[in-house]
1. Classify the chain: rounded, prolate or oblate, from the alpha-carbon gyration tensor (a ≥ b ≥ c, eigenvalue square roots; a/c under 1.5 rounded; otherwise prolate if a/b is larger than b/c)?
2. Once the Cβ-Cβ distance between His156 and Gln72 is put in as r, and R0 is 45 Å, what FRET efficiency do you end up with, to the nearest 0.05?
3. For Met111, tell me the accessible area in Å² from a 1.4 Å probe, rounded to the nearest 10.
4. Quick one: grab the alpha carbon gyration tensor of the range 56-95, order the square roots of its eigenvalues as a ≥ b ≥ c, and give me rounded if a/c is under 1.5, else prolate or oblate depending on whether a/b is larger than b/c.
5. Compute the signed sum of charges (Lys and Arg +1, Asp and Glu -1) over the other residues within less than 10 Å, Cβ to Cβ, of Phe114.
6. I'd like the Karplus ³J(HN,Hα) series for the range 32-37: coefficients 6.51, -1.76, 1.60, θ = phi - 60°, whole numbers in Hz, and an x wherever there's a Gly or Pro.
7. For a quick check of understanding: with a 1.4 angstrom probe and all protein chains in place, what accessible area in square angstrom does Lys152 have, to the nearest ten?
8. Relative contact order for the chain: what percent, with Cα pairs under 8 Å and sequence separation of 6 or more?
Amino acid sequence: MTAKIRLYVEHPLGVGQSVPLDKGQTHYLFGVMRQAIGGSILLFNGVDGEWRAEIVEAGKRGGVLRCVEETQPLVMPPDLWLLFAPIKKARTDFIVEKATEMGASKIVPVMTEFTNAGRVQRDRLQAHAVEAAEQCGGTFVPEVAEAVKFGKLLDHWDNARHIMFCDEALAGQTSGLPTIAGPWAILIGPEGGFSEKERMRLNKLDHTHPVVLGPRILRADTAAVAAMTVWQQTLGDWQQT
Ligand code: SAM
């Protein structure tokens with residue numbers, strides 16, 4: 001009866017619900033994990049919680065699972081977005097993976113003045129978020145948005161959402177995260193940091209809060225994890241654990 005394999009599916013889940021497998025899932029379950037009819041798998045779809053399902057059809061080209069019981073309700077993360085300037089491919093993948101594990105509700109690649117990464121492959125990054133949710137036991141998968149230019153992002157910014165502006169120029173000074181409830185976004189810059197123009201634009205906004213992550217300059221991927229840790233500990237769902 002144990003079900004340790006977790007799969008994200010784009011299909012409704014509920015008692016007795018049949019869930020067809022796609023090609024990749026079929027290969028993974030029957031080819032890689034050597035599962036067979038009667039095997040138990042955990043399924044989630046980001047909406048209906050987590051369900052234990054049994055394999056009822058297993059073939060080379062497809063298979064079907066049937067939901068048996070709910071094992072976890074849907075647990076939404078706090079309303080926290082991670083805005084980050086894409087960096088090298090592997091480090092960008094790392095940021096998306098960690099942001100999912102740490103409980104971001106949305107992940108937004110932002111093209112800043114000093115961003116020197118190539119084109120962002122949104123679908124690839126979304127697949128990384130799915131994989132991270134599968135392995136961390138989460139029941140929600142954050143959306144990875146299309147990359148957006150810094151200026152356009154701020155032109156359309158909803159003033160109700162506070163920005164935790166992680167500003168390397170303040171490293172070594174004291175500027176902590178204010179304990180203001182509501183929707184938030186963390187902003188992490190690229191390897192080259194923020195330009196003065198960007199810094200000035202951000203600092204003119206009422207809802208921007210410059211925050212320092214200690215006395216040393218962190219790599220962008222380290223900074224993303226550190227910032228999410230600070231936010232989750234101060235305002236997020238770590239307070240309940
Ligand atoms: N090239 C920049 C410099 O030398 O000053 C460093 C940029 S850092 C590698 C990338 C991003 O991580 C920054 O834009 C900032 O968002 C964040 N960051 C790194 N260290 C930080 C710190 N001590 N405080 C706040 N943010 C930090």
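1. Details: a/c = 2.69, a/b = 2.10, b/c = 1.28.
Judged from the Cα gyration tensor, the chain comes out prolate (a/c at least 1.5, a/b above b/c).
2. Numbers: r = 35 Å, r/R0 = 0.78.
Once the sixth-power term is evaluated, E becomes 0.80.
3. It works out to around 60 Å².
4. oblate
5. Values: positive: none; negative: Glu113, Glu191, Glu198.
Summing Lys/Arg as +1 and Asp/Glu as -1 gives -3.
6. 8, 8, 6, 7, 9, 3
7. Roll a 1.4 Å probe over it and Lys152 shows about 120 Å².
8. Working: 489 pairs, mean separation 43.0, N = 241.
Averaging sequence separation for qualifying contacts and normalising by length gives 18 percent for the chain.
The values are calculated or read from the model by the stated rules, or taken from the named source; none is laboratory data. Note that the structure is a prediction, hence the values are computed from the model and not measured. All Cβ positions, even for glycine, are placed from backbone atoms using ideal geometry, and neighbour counts span all protein chains on display. Ligands, DNA and RNA are stripped out before the accessible areas are found, and what is left, the full protein with its side chains, is counted by its heavy atoms. Shrake-Rupley method; radii C 1.70, N 1.55, O 1.52, S 1.80 Å.
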